[in-house]
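The values are calculated or read from the model by the stated rules, or taken from the named source; none is laboratory data. None of these values were measured; they are calculated from a predicted model. Cβ atoms come from the backbone with ideal geometry, glycine included; neighbour counts cover every protein chain shown. SASA here: full protein model, heavy atoms, side chains in, ligands and nucleic acids out. Shrake-Rupley method; radii C 1.70, N 1.55, O 1.52, S 1.80 Å.
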Protein chains: 2
Amino acid sequence: MPQLDLTATSLEITRTICDIPSVSGDETVLADLIDAAIRPLPHLEIFRDGDTIVARTQLGRPQRVVIAGHIDTVPINGNVPTREITIDEEPFLWGRGTVDMKAGVAVQLKLAAELTDPRIDITWMWYDHEEVDADLNGLTRLARTRPDLFAGDFAILGEPSNGQVEGGCNGNMRVIVRTDGVRAHSARAWIGENAIHKVAPVLVRLAEYRARDVPVDGLVYREGLNAVRIGGGVAGNVIPDLCEVEVNYRFAPSRTAEDAERHVRDVFAGFDVDVVDIAVGARPGLDGLIAQEFVSAVGGEARPKYGWTDVARFSAMGVPAVNYGPGDPHLAHHDRERVSHAQIDDVERGLRAWLSTP
Amino acid sequence: MPQLDLTATSLEITRTICDIPSVSGDETVLADLIDAAIRPLPHLEIFRDGDTIVARTQLGRPQRVVIAGHIDTVPINGNVPTREITIDEEPFLWGRGTVDMKAGVAVQLKLAAELTDPRIDITWMWYDHEEVDADLNGLTRLARTRPDLFAGDFAILGEPSNGQVEGGCNGNMRVIVRTDGVRAHSARAWIGENAIHKVAPVLVRLAEYRARDVPVDGLVYREGLNAVRIGGGVAGNVIPDLCEVEVNYRFAPSRTAEDAERHVRDVFAGFDVDVVDIAVGARPGLDGLIAQEFVSAVGGEARPKYGWTDVARFSAMGVPAVNYGPGDPHLAHHDRERVSHAQIDDVERGLRAWLSTP
């Protein structure tokens, strides 16, 4: 059993925890290791639920921040163990989880151990099952059993954001647009009705759709409406009686679920539309003083986050939240996932500067 | 082992041979039974290849007709054994193969036994594997090993045609129309290119396409161009990089394979088109005197056949061919396949009248 030495550098901790596979559903080895490293620390109060670990300071500070990171990864594809690579003379740690999001977790673990006297009380959360169904997500479980643990004035998710602050996130909705027809032998097509031909206007509307840019609290969220799947057909000699287009709508955090659904139904007016699932986004979370101090402490300028992340969960619970972590989000889930050494250091430095007693 | 009594009525023979399953690839039991019933007949010369049986008269008549029927069926779906049903007071034999095409085969078997002195020499062919890949078809095999057996002035396929003469058949072509794109996470769709959206003009052209009616030797063939399958998509959060539409073109027998391919490429100009397979049609086969005598003997008016059948094989070998058999072709392969008693009798009477010594 490896040991987790939190006096090592964030890079070394990243390497250690990436080399311990923790694909969703298989996080216990890593969770136990984190538990063993964190539990002895006298400045932290520990709570564990399954493979989710919560550690918090109780210093009586006037403000509290929740800083969270998931410890699971998408499946490994020949990219564990990690290795060191160099791109354009810049050193990177390569391998599954380096970007999404064990480098972020490593920085959090190191700071959890070292920041014994932060100027803001901190609730650290390391959780399981983020990369799979939301029902399985460790935070879903925790929100049900211990909602009090989410209390805070601000939250930071360590999701990869190239070491920049990415505020909030777009909402995410999937619908099925369906056309019906009548089956017939294709040698006598005029007896049937071709459901695939009927879907033509659906694709035309998608192809002509111009996604909106929506300003929300100073950030501009770019939306998107896209077919992600299409299927129809029975056999090579049969006029098809059904065609289905799965459409993914990414919508600005200023829209409610009802707004988003109404918009999609308007776009596909005249067609049968079933909503498969919907998750509203999160506003940037940058209005409060604490958020503004955070942005100025870590440097740079806040940007919008396009992908849906667990910030939306905090936002829905009334806690403004942002994404801030090392790693290029375009490389998340990629087989050539890798994180730059420099970004790991930057994020550690940024968080430390903001959290340390001035 | 049941016996095949060719002194029974055509309806009774139909029932017997339908109750012996002979799904493509599993025709031996039925072929053996036919062989045992036909081989003892002194007026017929027998040739067998696998489960294909050829029986011919050698009376030195100036003309010869080939009369053929396949003995296999598509898979059974709870519709064997047969049963008697009544629709609007009309009696039907219900079950797999009643239409496609054991009623036609039954009539042929009965006439093969009884017409010991026809006015035209007859080559009877009962063959296997018609409902599957053309490579497996018993006639494909026979054409390779014994092309001489196909010699004739005229050919009749007993495929279901509602007891009407259906001349020739349309050609049949399948193509794949393909669009390419660039994969990306659907939260950042603008980085990718959506292959499903790009297929919109393909479906618009199909939906707006007006199929042509093409007169050929006095019959009008109705063409058809239809999407029979569409597929594309990687996952619910990925911009798809590939979409494929399978298109089936049914084209008049006056067109060559090259004509047909050129037409389809014109319709989809600007898109990637792959021809999957192509089978040219057959002209009506009704120009010759022997064909005209046949049509007037069996009564009614000749119509065009829309579906591709083995008549095209005879036509390609220089033997004019028509379809003529009991059963509604719309019910072929249908789970409620059934043949009217009256049509079985009509077809038996028609063929007997034409073939008997005047």
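For the range B:234-267, give me the residue count where each residue is out of contact with any Phe, Trp or Tyr (no Cβ under 6 Å at 6 or more places or on another chain) and more than 14 Å from every other protein chain (Cβ to nearest Cβ).
Within the range B:234-267, the first condition is being out of contact with any Phe, Trp or Tyr (no Cβ under 6 Å at 6 or more places or on another chain), and the residues that meet it are B:234-251, B:253-259, B:261-263, B:265-267.
If we keep only those that are more than 14 Å from every other protein chain (Cβ to nearest Cβ) as well, we get B:254-259, B:261-263, B:265-266.
Qualifying residue count, the range B:234-267: 11.
Considering only the range A:47-63, how many residues are over 17 Å from residue A:139 (Cβ atoms) and either free of Cβ contacts under 8 Å to residues at least 12 places away in the same chain or surrounded by 13 or more Cβ atoms within 10 Å (Cβ to Cβ) (or both)? Qualifying residue count for the region: 5. Return the residues of the range A:64-84 that are closer than 18 Å to residue A:129 by Cβ and open to solvent by 20 Å² or more (accessible area, probe 1.4 Å); say none if nothing qualifies. Selection gives A:74, A:75, A:76. Looking across the range B:290-330, the residues that are open to solvent by 20 Å² or more (accessible area, probe 1.4 Å) and charged (D, E, K, R) come down to B:293, B:301, B:303, B:313, B:328. When A:347, A:298, A:319, A:311 are checked against the criterion of being modelled with pLDDT of 90 or more and more than 24 Å from residue A:14 (Cα to Cα), a single residue qualifies: A:319. Those strands (runs of 3 or more DSSP E) of the range B:17-75 in which at least 3 residues are of a type in the set (D, E, K, R), considering only elements entirely within it, cover B:45-49.
Quick one: how many residues across the range B:268-277 are out of contact with any strand residue (DSSP E or B) (no Cβ under 7 Å at 6 or more places or on another chain) and either facing chain A (nearest Cβ under 9 Å) or surrounded by 19 or more Cβ atoms within 10 Å (Cβ to Cβ) (or both)?
Of the residues in the range B:268-277, 0 are out of contact with any strand residue (DSSP E or B) (no Cβ under 7 Å at 6 or more places or on another chain) and either facing chain A (nearest Cβ under 9 Å) or surrounded by 19 or more Cβ atoms within 10 Å (Cβ to Cβ) (or both).
Here's a check for you: in the range B:244-268, which residue that is in contact (Cβ under 8 Å) with a residue 24 or more places away in the chain and basic (Lys, Arg) is nearest to residue B:222 (Cα to Cα)? Among those that are in contact (Cβ under 8 Å) with a residue 24 or more places away in the chain and basic (Lys, Arg), it is B:250.
For the range A:114-159, the tally of residues that are part of a loop (DSSP other than H, G, I, E, B) and within 21 Å of residue A:17 (Cα to Cα) stands at 9. Output the residues belonging to the range A:241-266 that are in a strand (DSSP E or B) and open to solvent by 50 Å² or more (accessible area, probe 1.4 Å). Those that are in a strand (DSSP E or B) and open to solvent by 50 Å² or more (accessible area, probe 1.4 Å): A:242, A:244. Looking only at the range B:6-46, residues that are closer than 20 Å to residue B:142 by Cβ and charged (D, E, K, R) come to 6 in all. Is it the case that residue B:162 is within 14 Å of chain A (Cβ to nearest Cβ) and either part of a helix (DSSP H, G or I) or on the phi > 0 side of the Ramachandran plot (or both)? In short, yes. Test residue B:37 against the criterion of being surrounded by 23 or more Cβ atoms within 10 Å (Cβ to Cβ) and closer than 26 Å to residue B:152 by Cα, and give yes or no. The answer is no for residue B:37.
Do the conditions hold for residue B:221, that is, is it more than 10 Å from chain A (Cβ to nearest Cβ) and of a type outside the set (S, T, N, Q)? If you could, list the steps in order and put the result at the bottom.
Details: more than 10 Å from chain A (Cβ to nearest Cβ): yes; of a type outside the set (S, T, N, Q): yes.
Spelling it out, residue B:221 is indeed more than 10 Å from chain A (Cβ to nearest Cβ) and of a type outside the set (S, T, N, Q).
If you go through the range A:179-229 and keep only what is without any contact (Cβ under 8 Å) to a residue 60 or more places away in the chain, surrounded by fewer than 16 Cβ atoms within 10 Å (Cβ to Cβ) and part of a strand (DSSP E or B), you end up with A:182, A:213, A:215.
Among the residues making up the range B:165-178, a single one is facing chain A (nearest Cβ under 8 Å), under 17 Å from residue B:274 (Cα atoms) and open to solvent by less than 50 Å² (accessible area, probe 1.4 Å): B:172. Taking the condition among the polar types (S, T, N, Q) and within 9 Å of chain A (Cβ to nearest Cβ), does residue B:194 pass? Answer is yes for this residue.
Once the range A:115-157 is narrowed to residues that are among the acidic types (Asp, Glu) and modelled with pLDDT under 95, the residue that is surrounded by the fewest Cβ atoms within 10 Å (Cβ to Cβ) is A:135. Cβ-Cβ distances below 6 Å connect the following pairs, each with a first residue in the range A:316-329 that is charged (D, E, K, R), a second residue that is outside any strand (DSSP E or B), and a separation of six or more residues or different chains: A:328/A:162.
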